[in-house]
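Below is one structure, written out as structure tokens; comments come after it.
Readers should treat all values here as calculations from the given coordinates under stated rules, not as data from a laboratory. Only a predicted model underlies this, so the values are computations on that prediction, with no experimental measurement involved. Here the Cβ positions follow ideal geometry from the backbone for every residue, glycine too, while neighbour counts run over all protein chains shown.
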Amino acid sequence: MTVREDKAIPLSQLPAGRRAVIHSHEESDFQLTLMEMGCIPGEPVWVEMVAPMGDPLAIQIAGYYLSLRKKDAEKIWVTLTDS
């Protein structure tokens, strides 16, 4: 897995099936909760499914599935990987 450092995007914009690595979080009241759920910088993540209306997202991280609202996924910045 090669991390492409040139482009960080919000997790909410990661296409389903595409892999990435968490780069950082925006400051928010939900930031600590995200980190407690495994959304920490350096952790591999991918979008498994997107609900028909685009919200919520089902991601796979730290060996389990996590459902996130799109507005919360917008606060998580990821870097795309080549694999």
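Quick notes on this structure:
- Calculated [222 nm] ellipticity per residue, helices only, for the chain: -2500 deg cm²/dmol; basis is -39500 (n - 2.57) per DSSP H run with n ≥ 4, divided by all residues, nearest 500.
- Computed over the chain, the percent of Cα pairs more than 15 Å apart is 50.
- Global geometry of region 43-83, whether rounded, prolate or oblate, following the gyration tensor of its Cα atoms and the 1.5 cut on a/c: prolate
- Selection from 73, 32, 47, by position along the positive dipole direction of the chain (Cβ): 47
- ³J(HN,Hα), Karplus 6.51/-1.76/1.60, whole Hz, each residue of region 69-82, x for Gly, Pro: 5, 4, 5, 7, 5, 5, 8, 9, 9, 10, 10, 5, 10, 7
- For region 1-74, the relative contact order works out to 30 percent when only alpha carbon pairs closer than 8 Å and six or more residues apart are counted.
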